[in-house]
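Before any comments, here is the structure.
The values are calculated or read from the model by the stated rules, or taken from the named source; none is laboratory data. What you are looking at is a predicted structure, and each value in this text was computed from that prediction instead of being measured. Cβ placement follows ideal geometry from the backbone for every residue including glycine, while neighbour counts extend to all protein chains displayed.
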Amino acid sequence: MTLGLVLLQDKIRKNHNKTLGLLRDLYGRKTVGVIHQDAGMGITEIARPVGVVAAITPSTNPGATPANKVINALKAGNAVILAPSPKGLSTCARFVEFVHAQLRLIEAPTNLVQVLPAPITKEATQALMQQADLVVATGSQANIRAASTCGTPAFGVGAGNVVSVVDETASLAEAAQKIAASKTFDNATSCSSENSLVLFSAIYTQGLAALSSCGGVMLSSEEKARLEAVMFTQGRLSGKATAQSAAQIAAMAGLSRPEVLSARFLMVEEEGTGPQHPFSGEKLAPVLAVYRADNFEHACDLVSAIYNYQGAGHSVSMHSSNDERILAMGLKLPVCRVIVNQAHCFATGGSFSNGLPFSLSMGCGTWGGNNFSDNMTVAQYMNITRIAKPIAEVIPSVESLLGDYLKKIKAS
C-alpha cells in the first residue's frame, strides 16, 4: 500500500468519523426554542441563535473542522462564514459547494454558509471577526490571539503538545500499538497526536522494544542533531517537516540507516524542556520525544515541565491500570482531559468508545489561555434566555451554612 493511499484513507476516516460522531451527538437535541424546564426551580431555558458566526479553520484539518463548525452553527440556527487558512482554501471552498447543494435540496438559502473569497488575508479575516456576532477559532496561536483581541466574543483553543505516560502496570504491547497508531495517523497533523512519551524506568527498555515492534526507530545523538537542524529554525518549528512521513523527514535530514528510512515514526531521547530542547514542543510530524521517569511523581514533574513550555491545558495520555495514579493526574496536572489506555488522537476529540463529545476544537481552560475547558460543541454556538418564575421562598439559617465553622473557631 502506498503512502499516499494510507494518508487518503486517514483523511477519509477522520472526516467520516468526526462528522458521523457529531451528528450522533446532535441527533434529537433541541437547540432552538425551549430546551429545558425545571418546574421546581421555576426556570425555563430558551436557546436562541447568536447570529453570524465567523469560523476560523486550520490548514491541518481543511475539511473536517469546517464541517464541524458549519453543522454546529446551523444546528443552533446561525449563519456561518468560514475563514480558512490560505493552504486550506481549496478544500474548504469545495466543501461549501457540497453544503450549498444540500441546502438547495431543502430550499434553504445558500448564503447561510459562506467562505471568504481568495486571496485569504489576515486583513480580510480580521474584518470578518470584527463584524461577526461570534468567533469560533481553531488553528495557530497567532489566529487564536487575533480572535481573542478582535473585539467580538470569541471561543479559541489552546496549543497541543500531548504527552503520553506509560507506567509499569500497563500492557506494553497494547500501549505501543495505540501510541504508534495515533502518532502516525495523518502524519501526526492532529493537535491531539502524542508529541512526547514518558516511560517509567522499570519498563523503559521493554517499552522501547514494544514501540520498535510497531515501527518506531530510536535515533542516535548524531542523527537527532541532524533531524533538529531540519525540523527547527532558531528553536522554532519549521514548516519543512510538517505533515511529512518519517521516511521523508529522515531523507531531508540526510539520515541513511535503512531502518530509519523505513520507519513508521522516529524517536529521540530527551531530558530537558523549553526552547533549548525543541523536541519537547509540538512537532506536527511522526517524531516522538522519549523521556525516562524514575517514578510517578517524576513522571508528573516531567509532564508539567513540558507543558510549562508548550501545551498546557490540552490533555495528557496515561497507559496504566493504576486508578489512583490516573485520578492523581487529573488532580495535579494542568490539563482538561486525561485520556486513559486509548490512542490519544482518536479519543480526545470524542470517540465511539468513550464519553467525550465529538469535536475538532478542544478548549484548554485558563491553563491554555482559553475561556472554556470543554470540547467545543453546539453549546458554544447559542445564547440561553432564562425565564424565572416565583417559587416558595426558602431562606437558610446562618447556623445551617456556617455552624460547623463557627463551632470550630469557637473551640480554638
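Considering only region 177-200, state which residues are in contact with a strand residue (DSSP E or B) (Cβ under 8 Å, 6 or more places away or on another chain) and part of a helix (DSSP H, G or I).
First pass over region 177-200, keeping only residues in contact with a strand residue (DSSP E or B) (Cβ under 8 Å, 6 or more places away or on another chain): 178-180, 182-184, 188, 191-200.
Lys178, Ile179, Ala180, Ser182, Lys183, Thr184, Ala188, listed by residue number.
Scan region 4-24 and give yes if some residue there is hydroxyl-bearing (Ser, Thr, Tyr), free of Cβ contacts under 8 Å to residues at least 40 places away in the same chain and not in a strand (DSSP E or B), otherwise no. Even if it seems obvious, please write down each step before you answer.
Going through region 4-24, the residues hydroxyl-bearing (Ser, Thr, Tyr) turn out to be 19.
Now narrow it down to the ones that are free of Cβ contacts under 8 Å to residues at least 40 places away in the same chain: none.
No, that holds for no residue.
Quick check on my filter: what residues within region 210-245 are among the basic types (Lys, Arg), out of contact with any helix residue (DSSP H, G or I) (no Cβ under 7 Å at 6 or more places or on another chain) and at pLDDT below 90? Even if it seems obvious, please write down each step before you answer.
Step one: of region 210-245, the residues among the basic types (Lys, Arg) are 224, 226, 236, 240.
Those left that are additionally out of contact with any helix residue (DSSP H, G or I) (no Cβ under 7 Å at 6 or more places or on another chain): 224, 226, 236.
Scanning region 210-245 gives a single hit, Arg236.
Looking at Gly281, Gly311, Gly254, which is the one that is at pLDDT 95 or above, in contact with a strand residue (DSSP E or B) (Cβ under 8 Å, 6 or more places away or on another chain) and on the phi > 0 side of the Ramachandran plot? Show your work before the answer.
Values: Gly281 fails: on the phi > 0 side of the Ramachandran plot; Gly254 fails: in contact with a strand residue (DSSP E or B) (Cβ under 8 Å, 6 or more places away or on another chain).
Just a single option satisfies the conditions, and that option is Gly311.
Being touching a residue at least 12 places away in the same chain (Cβ under 8 Å) and surrounded by fewer than 21 Cβ atoms within 10 Å (Cβ to Cβ) is the filter here, so list the residues in region 343-372 that pass it.
If the condition is that a residue be touching a residue at least 12 places away in the same chain (Cβ under 8 Å) and surrounded by fewer than 21 Cβ atoms within 10 Å (Cβ to Cβ), then Ser351, Phe352, Asn354, Leu356, Pro357, Gly365, Thr366, Trp367, Gly369, Asn371, Phe372 are the ones that fit.
Name the pairs whose Cβ atoms lie under 6 Å apart, with the first residue in region 165-178 and surrounded by fewer than 23 Cβ atoms within 10 Å (Cβ to Cβ), the second β-branched (Val, Ile, Thr), and 6 or more positions between them or separate chains?
Glu168/Ile203
For region 81-91, does any single residue satisfy the condition of being surrounded by 17 or more Cβ atoms within 10 Å (Cβ to Cβ), assigned by TED's automatic domain parsing to the domain that holds Ile326, at pLDDT 95 or above and outside any helix (DSSP H, G or I)?
Start the filter on region 81-91 by keeping residues that are surrounded by 17 or more Cβ atoms within 10 Å (Cβ to Cβ), which leaves 81-85, 88-89, 91.
Adding the requirement that they be assigned by TED's automatic domain parsing to the domain that holds Ile326 leaves none.
No, region 81-91 contains no residue that is surrounded by 17 or more Cβ atoms within 10 Å (Cβ to Cβ), assigned by TED's automatic domain parsing to the domain that holds Ile326, at pLDDT 95 or above and outside any helix (DSSP H, G or I).
Looking for something under 24 Å from Ala132 (Cα atoms), surrounded by 21 or more Cβ atoms within 10 Å (Cβ to Cβ) and at pLDDT 95 or above - is there at least one such residue anywhere in region 29-47?
yes
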